[in-house]
Amino acid sequence: MIKPLKSDKGLTLIEILAAIVILSIILLSFLSFFRLSAKSNQTSEKIIDASYVAQSLMENMLSLSGTPLSKTELDDAAVTTLNNTENTNSNIISNSPLKIEGVSNEFYFELSIKEEEEVDNLFKLLVKIYDNKVNKDLEAQMETKFWLKGNIEDEE
C-alpha cells in the first residue's frame, strides 16, 4: 500500500526562488518570439500596403489601354490619370522613355512606360514603390505590358 504523504514542512524559500527562475527563463524565451512575430507582421503589412499602391497605380494606367493616343498625349494622360488617383501627386521626370515620379499614400513611386521595339503600340509599364525618396528601399515592384490603339505619332 502506498502511504499518503503527510508532511508539515511545506516549500522552502530556495525551492520557490528556483521555480521563479525557471518560469522566468521560459517566459523570456516566449517573449522574444512575440517580439519577432510583431516585427514580421509590421514588415508584412508594409509590403502589402506597398503592393496595393503599386496595383492601384498600375490599374489606373491600364485604364488608358486601348485608347488612341500619341506619345505626347500618353505623357499628359498618364500624369492626369495618376493625379486623379486618391492621395497621389506625380510629375514627369523624363520623356524618352516616359518616367514619372510621385507620392501615393505615403510611398514614393517611380513609374516608367517604354514602347516595345518588336511590336507597334505595345508598351511596357513598370511601377516601383519605395519606402521614401531618400533611402529608396524598394518595397514593391510590378510590371506589365499594355496596348494602345493606333499610335497617332507613327502615322504622321
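The values are calculated or read from the model by the stated rules, or taken from the named source; none is laboratory data. Predicted, not measured: the structure shown is a model, and the values here were computed from it. For neighbour counting, all protein chains shown are included, and Cβ atoms are generated from backbone atoms with ideal geometry for every residue, glycine included.
In table form, for the structure just shown:
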quantity: One residue from L27, L64 being surrounded by fewer than 11 Cβ atoms within 10 Å (Cβ to Cβ) and either at pLDDT below 85 or of a type in the set (A, V, I, L, M) (or both); calculated: L27
quantity: Residues being surrounded by 13 or more Cβ atoms within 10 Å (Cβ to Cβ) and either at pLDDT 85 or above or not acidic (D, E) (or both) - total across the range 68-82; calculated: 9
quantity: A50 vs. criteria part of a helix (DSSP H, G or I), free of Cβ contacts under 8 Å to residues at least 60 places away in the same chain and not charged (D, E, K, R); calculated: no
quantity: Matching residues in the range 104-120 - criterion: being surrounded by 14 or more Cβ atoms within 10 Å (Cβ to Cβ), in contact with a strand residue (DSSP E or B) (Cβ under 6 Å, 6 or more places away or on another chain) and in contact (Cβ under 8 Å) with a residue 24 or more places away in the chain; calculated: S104, F107, Y108, F109, L111, I113, E115
quantity: For G102: the one exception among (1) more than 20 Å from L138 (Cα to Cα); (2) within 18 Å of the chain's Cα centre (by Cα); calculated: (1)
quantity: Count of the range 49-61 residues which are under 17 Å from N132 (Cβ atoms) and either surrounded by 17 or more Cβ atoms within 10 Å (Cβ to Cβ) or touching a Leu at 6+ places or on another chain (Cβ under 8 Å) (or both); calculated: 4
quantity: Meets criteria (in contact (Cβ under 8 Å) with a residue 40 or more places away in the chain and crowded, with 17+ Cβ neighbours inside 10 Å) for L98; calculated: no
quantity: Members of the range 78-101 that are β-branched (V, I, T) and in a helix (DSSP H, G or I); calculated: V79, T80, T81
quantity: Residue list for the range 121-149, filter: surrounded by 14 or more Cβ atoms within 10 Å (Cβ to Cβ) and either in a loop (DSSP other than H, G, I, E, B) or in contact with a Pro (Cβ under 7 Å, 6 or more places away or on another chain) (or both); calculated: N121, D131, L148
